[in-house]
1. Quick one: would you say residue A:378 is small (Gly, Ala, Ser), surrounded by fewer than 17 Cβ atoms within 10 Å (Cβ to Cβ) and in contact (Cβ under 8 Å) with a residue 24 or more places away in the chain?
2. Identify the residue in the stretch A:319-339 that is more than 8 Å from chain B (Cβ to nearest Cβ) and of a type in the set (Gly, Ala, Ser) and, among all such residues, is farthest from residue A:13 (Cα to Cα).
3. Please verify whether residue A:354 is within 27 Å of residue A:22 (Cα to Cα) and more than 14 Å from chain B (Cβ to nearest Cβ), treating the condition exactly as stated.
4. Could you tell me whether any residue of the stretch B:141-151 is within 11 Å of chain A (Cβ to nearest Cβ) and part of a helix (DSSP H, G or I)?
5. Being facing chain A (nearest Cβ under 7 Å) and closer than 25 Å to residue B:176 by Cβ is the filter; apply it to the stretch B:81-105 and report the residue that is most open to solvent (accessible area, probe 1.4 Å).
6. With open to solvent by less than 10 Å² (accessible area, probe 1.4 Å), in contact with a Leu (Cβ under 6 Å, 6 or more places away or on another chain) and closer than 30 Å to residue B:6 by Cβ as the only criterion, which of B:152, B:192 stands out?
7. Restricting attention to the stretch B:182-221, which residues are closer than 15 Å to residue B:31 by Cα and assigned to a strand (DSSP E or B)?
8. Spot the failing condition for residue B:130; the list is (1) open to solvent by less than 10 Å² (accessible area, probe 1.4 Å); (2) out of contact with any Phe, Trp or Tyr (no Cβ under 9 Å at 6 or more places or on another chain); (3) among the hydrophobic types (A, V, I, L, M, F, W, C); (4) part of a helix (DSSP H, G or I), and only one is missed.
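The values are calculated or read from the model by the stated rules, or taken from the named source; none is laboratory data. Here the structure is a predicted model, which means the values were calculated and not measured. When we count neighbours, we look across all protein chains shown, and the Cβ atoms used for this are built from the backbone with ideal geometry, even at glycine. Note: accessible area is taken over every heavy atom of the protein model, side chains too, but ligands, DNA and RNA are not part of it. Shrake-Rupley method; radii C 1.70, N 1.55, O 1.52, S 1.80 Å.
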Amino acid sequence: MNHVVFISFKLLSERKRQAIVSVLGVAIGVTAFIVMSSVMMGFQTYFIEQAVDINAHITLKNEEQDEADRILRVAYGDGVISEVLGSKPKETKDKIVDYKFIISKYMKSEDVKGVAPHLTGQAIVRYGIKEKSVNIIGIDPQLEVKASIIDRFMEFKRLNQLNVDRNSIILGSLVARDLGVRETGKKVTLVAPNGSVHVLKVVDFFNSGITSLDQTRAYLHLRTLQTILDRPNQVNELVFKIKNVDDAERLSRVISRETGYYAESWQKAYSNFLKIFRMQNWITYMIVFAILVVSAFGIFNIMMMTVLEKKRDIAILKAIGFEDREITWIFVFQGVFIGFVGATLGCLFGYLLQEWLSSIRFEVVGLIRARGFILDRSPVYFAYGFVFAMFFSTLASFYPSFKASKLFPVDIFRSGG
Amino acid sequence: MKKVLEVINIKKVIRDNEILKGISLSVEEGDFVSIIGVSGSGKSTLMYIMGLLDEPTEGEVFFEGVRVDFKNHRLLSEIRNRKIGFVFQFHYLIPELSAAENVMVPMLKTQKSRKDALKRAFSLLAELGLRGKENRKPYELSGGEQQRVAIARALANDPHIIMADEPTGNLDSKNTEIVMDIFLALNRMGRAILMVTHEIELARRTKKMVEMRDGVVVGIR
């Protein structure tokens, strides 16, 4: 194989300009793949991790059903009733009966890390002349820390303050900003849907980095909210933290079947986002695929041209005893070498670009809030980029190499080369 | 004398055109055979078949007494590499390689080390009057020098026979004389040579002259 490698590199080294263009094409493709993957996946992973861990892996709810509607449907069947008018929804219908029993049951399960009760509702929070509509969530801080990681996002780590002072509230950081509450200890007024008005002390700010949560949420103690909403001893949600997040879908079906309530996995709750992410990934990978294919075509073109220009050399090599497979390898090696150097350079450029991107600081305000790019710097993207580049460049060089090996030397000699 | 190469009743048809019409010929050890004929007489086609580069439509080829199986490409490549040296009208040197590297190529194919191959390449080039030009690229050499590099390449693996297709066809009279002298010297050292040419004067200097016309041998001197 020595002679094949010798000739292969000699041919390549004498065509430096074309080789460099091909190598750069591959390198750019690999760099794009690594950087785009790490930016996209970094953002998505961050969003999913935050969103999933803050909320719940599984949420158990009593799906609100209109009782009249339900009865009519049971009596006449789904196909007969098209719409039921005149029934009025009542808040109490969404309560989860025996929630303490459900909590104690699943706390013993091997798959479950923690279960916490929630009572959720809506209210208006006022501070001075400013007011803002928020989703209020009543929690039991002791159980909550076992079922979610909201304590991690408390700016002053005072989640437990809800236990100490029952007339306290934790505001989402953007809710506080919109209301003008800049420090803890301030008193805000909460207006419940039943019209009752309550003065609560702000004890902490909740700052998850996910805009949609931080600008709509406020946390109170479960007992406080039960009192405010006049729903004593009631909860309307149970949140589950499980050991394997990817098992949420299956477990939600089990819990739903066992409890009779509607259990929603995080995948279902965030299905819209996951769909968007999937689409985003497809678009990203299609772009990167296109870049790699274009660079592969570059290699293909150069190799084809080389084969056409090198017909005389191929003919004499065959005449002096080179076999078809050796001629093939002479050209395949060139493609492999271009792919290898391009992929290695691409990995290096990708790493340097990641370093640069991670050093840039700017405010990101959108679906999430961050300072700069959130990168997933997994080595997997380097490995994939390297393998794809090697695959495409080898593939691109294979056909021209095969064509070269099939040249009939006598035809070349007859035509005078 | 032992026959290096023998063809028996060789026919070659290319696109319904019968190029060779039953030719029988042999080259023995120490022979210097020239094939002459006008353009289109089939002399190059015959040389390609005898050089195992092309397959006859009919007939048999024997190399050193063994019938050649044209389906065994590996064996054909092996024989061409180790036992036959080719020289063509156009030198067919690889432009990216130096003179010495061009001579090395057939040797590297035989798994000879690069060092040994380079040593022999230098020695062959020196024998052919190219000392000091070993590292020059083909485009830095004259036509005659290029052809001498091609001859050195043909001699690289110490072949049993040299096949030359119009080796002087592209050279001036001075270089023609040099190349012819090299062939005659090689033949004197016992090397069998088969040369295709259309120059009768050169053919007369060989030991055996075969004249071809319209795909048949019309005379052997």
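1. Values: small (Gly, Ala, Ser): yes; surrounded by fewer than 17 Cβ atoms within 10 Å (Cβ to Cβ): yes; in contact (Cβ under 8 Å) with a residue 24 or more places away in the chain: yes.
It is true that residue A:378 is small (Gly, Ala, Ser), surrounded by fewer than 17 Cβ atoms within 10 Å (Cβ to Cβ) and in contact (Cβ under 8 Å) with a residue 24 or more places away in the chain.
2. Among those residues, the one meeting the criterion is A:339.
3. Numbers: within 27 Å of residue A:22 (Cα to Cα): yes; more than 14 Å from chain B (Cβ to nearest Cβ): yes.
Taking the combined requirement at face value, the residue satisfies it.
4. The initial filter retains those residues of the stretch B:141-151 that are within 11 Å of chain A (Cβ to nearest Cβ), namely B:150.
After this cut, where a residue has to be part of a helix (DSSP H, G or I) as well, the list is B:150.
Taking every residue of the stretch B:141-151 in turn, at least one turns out to be within 11 Å of chain A (Cβ to nearest Cβ) and part of a helix (DSSP H, G or I).
5. In this case the residue turns out to be B:90.
6. Working: B:192 fails: in contact with a Leu (Cβ under 6 Å, 6 or more places away or on another chain).
After ruling out the rest, the residue left standing is B:152.
7. Hits for the stretch B:182-221 are B:192, B:193, B:194, B:195, B:196, B:208, B:209, B:210, B:220.
8. (4)
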